[in-house]
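Heads up, the thing below is written out as structure tokens.
The values are calculated or read from the model by the stated rules, or taken from the named source; none is laboratory data. Just so you know, these numbers come straight off a predicted model, no measurement behind them. Positions of Cβ are backbone-derived with ideal geometry, glycine not excepted, and every protein chain shown enters the neighbour counts.
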């Protein structure tokens, strides 16, 4: 099932977004007005997409992103001023004003990434067992490089490399080698 959590401090804005995604065929939507409520809901339902503004009443979107389950994707709706403040490549963003079609297409894209990532993660687990020690070292170095360069967590660096590998049809070690210019 395609779960959509919509988080805005202003409930009326959240309901407008809920109506837009419902017209796109996404009916399993939950409206939240705080970051804590978004995270609690995400942990209860398991997977889907979180659509929120730059800031919800008690958290900014990056805090929510760091704490949300890996099985969720995030779409942030931003003003032009805020657009330069989002530098995490794992967070999808749209600058307001935005068309209904853009919101729906982006949600569909995030959901397809989530599904492919779920399939890939089983493969990655099997691949992890087959990796040589030298491959593991290269992957760890690439993660450290990403963590230092972008000031992200190890988990975020790992997910970034997984998504890059998936998008380019490459093994994780090859993506790591590309990042390190091996």
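Just to be sure, is residue 2 at pLDDT below 95 and either surrounded by 16 or more Cβ atoms within 10 Å (Cβ to Cβ) or closer than 19 Å to residue 65 by Cβ (or both)? Don't jump to the end; show me each part of the working.
Details: at pLDDT below 95: yes; either surrounded by 16 or more Cβ atoms within 10 Å (Cβ to Cβ) or closer than 19 Å to residue 65 by Cβ (or both): yes.
In short, yes.
Tell me, which helices (runs of 4 or more DSSP H) lie completely within region 5-81 with 2 or more residues that are closer than 23 Å to residue 151 by Cα and not assigned by TED's automatic domain parsing to the domain that holds residue 162?
It comes to 35-45, 61-67.
Residue under question is residue 175, and the condition is that it be touching a helix residue (DSSP H, G or I) at 6+ places or on another chain (Cβ under 9 Å) and surrounded by fewer than 16 Cβ atoms within 10 Å (Cβ to Cβ); does it hold? Working first, answer last.
Numbers: touching a helix residue (DSSP H, G or I) at 6+ places or on another chain (Cβ under 9 Å): yes; surrounded by fewer than 16 Cβ atoms within 10 Å (Cβ to Cβ): no.
No.
Here's a check for you: in region 132-157, which residue that is farther than 16 Å from residue 91 by Cβ and crowded, with 16+ Cβ neighbours inside 10 Å is farthest from the chain's Cα centre (by Cα)?
The initial filter retains those residues of region 132-157 that are farther than 16 Å from residue 91 by Cβ, namely 132-145, 147-149, 154.
Next cut, crowded, with 16+ Cβ neighbours inside 10 Å only: 135, 138-139, 142-143, 147.
On the way: 135: 26, 138: 24, 139: 21, 142: 20, 143: 17, 147: 17 Å.
Ranking the qualifying residues of region 132-157, first place goes to 135.
Checking residue 104 against (1) in a loop (DSSP other than H, G, I, E, B); (2) farther than 24 Å from residue 152 by Cα; (3) in contact (Cβ under 8 Å) with a residue 60 or more places away in the chain, which test does it fail?
Among (1) in a loop (DSSP other than H, G, I, E, B); (2) farther than 24 Å from residue 152 by Cα; (3) in contact (Cβ under 8 Å) with a residue 60 or more places away in the chain, the lone unmet condition for residue 104 is (1).
Do we find a residue being within 27 Å of residue 164 (Cα to Cα), in contact with a strand residue (DSSP E or B) (Cβ under 7 Å, 6 or more places away or on another chain) and at pLDDT 95 or above anywhere in region 82-94?
No.
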